[in-house]
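Reading through the structure tokens given below for one structure.
The values are calculated or read from the model by the stated rules, or taken from the named source; none is laboratory data. This one's a predicted model, so the numbers in the text were calculated from it and none came from an experiment. We place every Cβ from the backbone using ideal geometry, glycine too, and count neighbours over all the protein chains shown. Each accessible area value is taken on the protein alone, full model and side chains, heavy atoms only, with ligands, DNA and RNA left out. Shrake-Rupley method; radii C 1.70, N 1.55, O 1.52, S 1.80 Å.
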Amino acid sequence: MVVVRHCGYLTVPNCPLLNGEFTLGVAVVKMRNPPVNSLSLEFLTELLISLEKLENDKTFHGIIITSDCPGIFSAGLDLTEMCGRDPEHYAEYWKAVQEMWLRFYLSNLVVIAAINGVSPAGGCLLSLTCDYRVLANNPKYAIGLNETLLGIVAPFWFKDTLVNTIGHRSAERALQLGLLFPPAEALRVGMVDQVMPEDQVQSTARSVMAQWLDIPDHARQLTKTLMRKPTADRLLTERDADIQNFVRFICRDSIQKSLHAYLEKLKQKKG
Amino acid sequence: MVVVRHCGYLTVPNCPLLNGEFTLGVAVVKMRNPPVNSLSLEFLTELLISLEKLENDKTFHGIIITSDCPGIFSAGLDLTEMCGRDPEHYAEYWKAVQEMWLRFYLSNLVVIAAINGVSPAGGCLLSLTCDYRVLANNPKYAIGLNETLLGIVAPFWFKDTLVNTIGHRSAERALQLGLLFPPAEALRVGMVDQVMPEDQVQSTARSVMAQWLDIPDHARQLTKTLMRKPTADRLLTERDADIQNFVRFICRDSIQKSLHAYLEKLKQKKG
Amino acid sequence: MVVVRHCGYLTVPNCPLLNGEFTLGVAVVKMRNPPVNSLSLEFLTELLISLEKLENDKTFHGIIITSDCPGIFSAGLDLTEMCGRDPEHYAEYWKAVQEMWLRFYLSNLVVIAAINGVSPAGGCLLSLTCDYRVLANNPKYAIGLNETLLGIVAPFWFKDTLVNTIGHRSAERALQLGLLFPPAEALRVGMVDQVMPEDQVQSTARSVMAQWLDIPDHARQLTKTLMRKPTADRLLTERDADIQNFVRFICRDSIQKSLHAYLEKLKQKKG
């Protein structure tokens, strides 16, 4: 369960930055938590530590986040963290999920998702926190917040992030129906910014990154904050209440039962 | 002036619902207030009673709302309720219009509009409260909030509903110009979700309904509330002020005069 | 440095207005502040005085705003007003920029932009305050809020106006990257409403104006206010703080240095 950090340096041919004081460093963060990059508590913690290190290392100005697990970007939240545990654990886990969203959504770095696999629920959320999304053109690589299909409800900040990305009406329909969009539809609805042949996803992410790094960094960061702070503030002011809501919801017998049934089904599939 | 309620039962072939405790019942509500399905006080009251009965009857999980008046879905608010009456009547009427919007917009049932005729102003609003809109592909069946054409102004919650559906810029233009969109344009701007040949509108509404009922009901309802409650709350917290605004506006001599002139024109057309 | 005001009268063939008490007058405001229609303090003041006169003159119900400088609609804010002056001057200038936005965005007149040249930054903002935008189909005539490219940040009300026009996600990307959209892209993203051959821009603006003036004026004005007041109120309640923010930001050594460098580059180009 390791995050492989591979550092690449881009050559940016034409860079009218205000000053040349920073190096143009891009980290490629490959998620490797087999088999499906579940966002377990341990994995989320590692992801956040990596992000923090990269943000504190002046060498880096951009991250490309991608998967090292074939066919799966990330399967989303780890249901085993939400099933058969005690309330304290659920609270701790949910706080880590909030933290992931807050830190990625507001990161000063340029964050680009090179989505090389399916990305339901929390996997989709992670990609929605990025500044740009490139999706591999494979009909199996569906993306969406499909929580309702499991009988659970995306919290308001998942919803806000989706509304910010694809607009109110599309979000309303997608969230209620738990839609998972294949690449062509994902592009049309605005869930991703670009769909590319699978073998060009990484190189496309790199050239898009070059375009973003070409912008004076401080002005770009302030503009990102301008756009995203109000949405993040909604969670920040209700963070504890949101944790309590989650714990109360996930502790319900009916929810535990359906998550358990779902996990059993997954195990049988594997077995 | 009757709402015909026809109960149909859908066959849903593949239903991975959390539990099978509810029957898959869909009510088809056909509006029959000839000649144009005006939303009179009496008709609104009947519509609301029908909705409440269906919501309380555990047999039903979805409503398809459609018209029994050829060529007209609903002509919208009944101008005779807004012209030549006393302020108490205007207040009572407006409260019923608010109630229609609130109850349909937040209904726990899946509500799908099978729009088989023209739907201006209040008729359009009714369809905008639904979860999905299928419009018959007849160039005469225009849809839109055309209040300005009558010299009146859509209240803020009509506006909010439209912005939620087609976005701020399209709503700004459509509301100011009182645009009535023919089917192709209605689809393009997002006023409706699907345009179908007239004889397939009902069957399309049914198969879309099957897709919506396929979702675990409780999670879908909570998600709908998550999306719509903030918009509904805006009216709920200003409901009395909104009634007073309406009464004050509609009592103006200039407004009464132009509504009267418009009604006379309609009568001459008929005569 | 003059605003040429040319008064034209439209013939509106079919005008179902509520009453015929107003004349159908349209003013064509041609901006002439060579070479690039910079929005200097003096020019902004003149523009605002012209707007006020037109609003107080009952003859006029619409303005077409266009440029008299070949190839440039407006280059936007005048950097010489923001560079090498004292804080009092910056505050006065910023107040005038706010005033332009507030007055045009909320104008009771129908305001249509006939964009016959490039319109970056403040030039774009001016066009975004209009009710409708027609852009000449010349690949050089790019439009956008490109502030980040100069190392500065669009204030929140520029951002709000852009979000209202093209939606949250497109605005987020456009603002961070400082995108200048050529006509085809500007149309696709919704930055303008129509792209026309250069020699038809003025006539198109006139016929669009006829459509807008065809709407009962009072109802249209109230609807415009309904749509735009909440956005304008955000600035109105924070107007002084916004001025102070601007002054503090623009007084920074690093910002002054980069604006100065940019101005020097512009001078060399000309020279």
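Restricting attention to region C:207-222, the residues being more than 9 Å from chain B (Cβ to nearest Cβ) and open to solvent by 50 Å² or more (accessible area, probe 1.4 Å) number 1.
In this structure, A:Leu126 does not qualify as open to solvent by less than 20 Å² (accessible area, probe 1.4 Å), facing chain B (nearest Cβ under 10 Å) and either closer than 22 Å to A:Ser67 by Cβ or without any contact (Cβ under 8 Å) to a residue 12 or more places away in the chain (or both). Here C:Cys83 passes the criteria (1) away from chain A (no Cβ under 14 Å); (2) surrounded by 24 or more Cβ atoms within 10 Å (Cβ to Cβ); (3) not in a helix (DSSP H, G or I) except the one numbered (2).
Taking the listed residues B:Thr161, B:Thr231, B:Thr204, B:Thr225, the one that is closer than 30 Å to B:Gly62 by Cα, open to solvent by 20 Å² or more (accessible area, probe 1.4 Å), in contact (Cβ under 8 Å) with a residue 24 or more places away in the chain and β-branched (Val, Ile, Thr) is B:Thr225, with no other qualifying. Looking across A:Ile255, A:Ile243, one residue alone is more than 25 Å from C:Ala171 (Cβ to Cβ), in contact with a Phe, Trp or Tyr (Cβ under 7 Å, 6 or more places away or on another chain) and either at the interface with another protein chain (Cβ under 9 Å from one of its Cβ atoms) or modelled with pLDDT of 95 or more (or both). It is A:Ile243.
Going through (1) more than 30 Å from B:Met227 (Cα to Cα); (2) touching a helix residue (DSSP H, G or I) at 6+ places or on another chain (Cβ under 9 Å) one by one, A:Gly167 falls short only on (1).
Take A:Val153 and tell me if it is closer than 28 Å to B:Val192 by Cβ, open to solvent by 20 Å² or more (accessible area, probe 1.4 Å) and outside any loop (DSSP other than H, G, I, E, B). Don't jump to the end; show me each part of the working.
Working: closer than 28 Å to B:Val192 by Cβ: yes; open to solvent by 20 Å² or more (accessible area, probe 1.4 Å): yes; outside any loop (DSSP other than H, G, I, E, B): no.
Criteria not met by A:Val153.
B:Gly151 satisfies every condition listed in (1) at the interface with another protein chain (Cβ under 7 Å from one of its Cβ atoms); (2) modelled with pLDDT of 95 or more except (2). In region B:250-271, which residues are open to solvent by less than 60 Å² (accessible area, probe 1.4 Å) and closer than 18 Å to B:Asp86 by Cβ? Passing the criteria: B:Ile250, B:Cys251, B:Ile255, B:Gln256, B:Leu259, B:Leu263. Number of residues in region C:173-191 that are open to solvent by 40 Å² or more (accessible area, probe 1.4 Å) and either over 28 Å from C:Ile152 (Cβ atoms) or part of a helix (DSSP H, G or I) (or both): the value is 5. Whether any residue in region A:34-41 is hydrophobic (A, V, I, L, M, F, W, C), buried (at least 22 other Cβ atoms within 10 Å of the Cβ) and in contact with a helix residue (DSSP H, G or I) (Cβ under 6 Å, 6 or more places away or on another chain) is what I want to check. Yes, region A:34-41 contains at least one residue that is hydrophobic (A, V, I, L, M, F, W, C), buried (at least 22 other Cβ atoms within 10 Å of the Cβ) and in contact with a helix residue (DSSP H, G or I) (Cβ under 6 Å, 6 or more places away or on another chain). Within region C:174-186, no residue that is modelled with pLDDT under 95 sits with its Cβ atom under 6 Å from a residue that is open to solvent by less than 30 Å² (accessible area, probe 1.4 Å) at 6+ positions apart or across chains.
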